[in-house]
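Enquirer: Quick one: the structure is below, and I'll ask about it shortly.
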Amino acid sequence: MIKKVAILANGGDVSGFNAVIRAIIKTAENNDIECYGFIEGYKGLLENNYVQLCTNATGNAIGILPKGGSIIGSSTNSNVFNYPVEENGQIIYKDLSKQCVENIKKDGIDCLFTLGGDGTQKSARDLSLKGINVIGVPKTIDNDVACTEITFGYNTAVSVAADALDRLHTTGATHHRIMVLEVMGRYAGWIALEAAIAGGADVALIPEIPYDINSAAQKIINRKNRGKGFSVVVVAEGAKPIGGEITVKAVRDKGKGVDNNRLGGAGEKVAQALQELTGLEARCTVLGYMQRGGSPTAFDRVLSTKYGAMAMELALEGKFNVLTVIRDGKLDYVPLEDVVGNNKEIGAVSGNTPESNIRRVNMDHDLVKTARHIGINLGDYLT
């Protein structure tokens with residue numbers, strides 16, 4: 001019998017966090033279940049720092065549906081299976097997952113809801129192997145969580161990027177420039193591709209298709225020859241040229257099991273190359289954290305609410321160690337083992353490795369076909 005549940009939000013913030021939290025709380029309250037939230041994700045779980053969440057007249061979860069961010073915070077790169085600890089003035093890494101398990105049992109938590117991306121759900125799966133009842137909810141603007149068609153936060157990020165492209169169009173047309181927009185997405189091109197279609201871009205460079213810069217340049221030259229003196233280009237932060245590597249802005253030391261690469265600079269690199277090859281001035285805009293913040297779209301509010309209510313429903317039915325997903329357009333769930341895929345090693349959370357089970361754009365996807373049909377150049381051959 002479920003009596004007490006807890007939520008943690010982990011990883012980079014997205015619009016929709018609070019909508020999921022609200023849906024879980026409301027469904028819990030309607031079934032006389034107490035709901036708590038660990039502060040700052042897995043960090044809060046490790047430190048046993050939590051608050052009760054409720055939607056009554058004086059509750060702390062009132063009016064949060066349209067709010068961006070997370071009312072219980074979120075932590076990034078907090079791998080409790082390989083956590084940084086200072087000893088004798090040195091930072092060493094230890095497996096502190098046992099403390100998390102003890103905290104959950106001591107607190108009497110019957111189910112832990114993990115709101116996060118591939119790394120968050122990998123840790124959730126690893127905790128499930130230690131006897132913790134876990135239900136994951138797929139969050140990330142990157143839309144790269146395995147086994148689901150869409151993650152919450154993605155639609156808002158795409159909408160922000162599309163709006164930015166609308167604005168860049170007018171500047172590009174006025175000054176006869178190439179306007180390059182660099183968007184997030186890590187090693188998946190979902191944001192770049194869908195935003196390019198929605199925002200009327202001429203070129204979209206994504207991680208899944210190593211690009212030939214000459215192909216993109218020729219597209220722009222052809223437009224110029226037809227009297228179109230400007231072009232709009234979308235570049236995913238993980239895009240890379242044929243035979244080249246992704247552009248890494250910095251390498252962090254957050255220990256084993258997390259992605260220590262901080263991506264950035266791909267857009268500027270493309271802008272400079274296109275300017276040299278076409279003779280047109282090029283300017284790069286890096287959208288950055290604008291994609292993460294602010295109020296969620298109506299789509300993300302509904303999707304997040306569906307995910308949250310479904311997660312609590314699964315807990316009531318005793319279906320644990322699963323991830324809520326959308327498959328064939330409908331709510332469903334899959335075992336966390338399926339989400340993990342080949343990434344079986346305990347503590348190996350995420351990263352751009354063959355073992356990482358992230359969802360990338362495949363060449364048969366409707367978005368790729370649509371982009372080609374309407375003449376968006378994807379950097380592989382001239383469209």
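Every number in this text was worked out from the coordinates using simple rules, so none of it is lab data. Note that the structure is predicted; figures quoted are calculated from it, not measured. Cβ sites come from the backbone with ideal geometry, for glycine too, and all protein chains shown count toward neighbours.
Enquirer: What FRET efficiency would be calculated for the residue pair Ile91, Asp380, taking the C-beta separation as r and a Förster radius of 41 Å, to the nearest 0.05?
Expert: That pair, Ile91 with Asp380, gives E of 0.40.
Enquirer: Still on this structure, I have one more. Taking 8 Å as the Cα distance limit and 6 or more residues as the minimum spacing, I'd like the relative contact order of the chain as a percentage.
Expert: Rounded, it is 22 percent for the chain.
Enquirer: Could I ask something else about it? If the chain between Glu355 and His176 were fully stretched, how many nm would it gain, using 0.36 nm times the residue separation less the Cα-Cα distance?
Expert: Computed gain between Glu355 and His176 is 60.0 nm.
Enquirer: Can you give me the C-alpha center-to-center distance between segment 310-333 and segment 217-287, rounded to a whole angstrom?
Expert: 38
Enquirer: Grab the alpha carbons of the chain, take their convex hull, and tell me the volume per residue in Å³.
Expert: Once divided by residue count, the hull of the chain is 141 Å³.
Enquirer: Picking from Thr174, Thr305, Thr324, which is most flexible by a Gaussian network model of the chain using Cα springs under 10 Å?
Expert: Thr174
Enquirer: Follow-up. Could you list Lys122, Lys256 so that the one with the fewest beta carbons within 10 Å of its beta carbon is first and the one with the most is last?
Expert: Lys256, Lys122
Enquirer: Efficiency by 1/(1 + (r/R0)^6): what FRET value for Asn30 and Lys98, r their Cβ-Cβ distance, R0 = 35 Å, to the nearest 0.05?
Expert: 0.50
Enquirer: Can you work out ³J(HN,Hα) from phi for every residue in segment 146-154, in order, using Karplus 6.51 cos²θ - 1.76 cosθ + 1.60 and θ = phi - 60°, giving whole Hz and x for Gly and Pro?
Expert: Per-residue couplings from phi come out as 5, 6, 10, 7, 7, 10, 6, x, 5 Hz.
Enquirer: Also, I was wondering about something else. Along the charge dipole of the chain, which of Ile242, Val340, Ala196 sits closest to the positive end, that is, farthest toward it, with unit charges on the beta carbon of Lys, Arg, Asp and Glu (+1, +1, -1, -1)?
Expert: Ala196
Enquirer: Tell me, what is the percent relative contact order of segment 264-383, built from C-alpha pairs under 8 Å that lie six or more residues apart?
Expert: Relative CO of segment 264-383 lands at 10 percent.
Enquirer: Loop-only check: which trypsin sites (Lys or Arg not before Pro) in segment 167-244 are DSSP coil with at most 11 other Cβ within 10 angstrom?
Expert: Sites meeting the loop and neighbour criteria: Arg226.
Enquirer: In what order do Leu53, Leu382, Leu46 fall by count of nearby beta-carbon atoms within 10 Å, going from fewest to most?
Expert: Leu382, Leu46, Leu53
Enquirer: Taking a quarter of the surface of the Cα convex hull of segment 181-304, what do you get in nm²?
Expert: 9.4
Enquirer: If you don't mind, there's one more thing I want to ask. What ³J(HN,Hα) values, in whole Hz, does the Karplus curve 6.51 cos²θ - 1.76 cosθ + 1.60 give for segment 130-137 when θ = phi - 60°, with x put for Gly and Pro?
Expert: Going residue by residue, I get 9, x, 8, 7, 10, 10, x, 10 Hz, with x marking Gly and Pro.
Enquirer: I would also like to ask the following. If the label point is 7 Å along Cα→Cβ of Glu337, which residues in segment 145-173 have backbone nitrogen under 19 Å from it?
Expert: Zone members listed by number: 146-148.
Enquirer: Using a cut-off of 24 Å between alpha-carbon atoms, which lysines can reach Lys219, once sequence neighbours fewer than 8 places away in the same chain are excluded?
Expert: Here the lysines satisfying the reach criterion relative to Lys219 are Lys228, Lys240, Lys269, Lys369.
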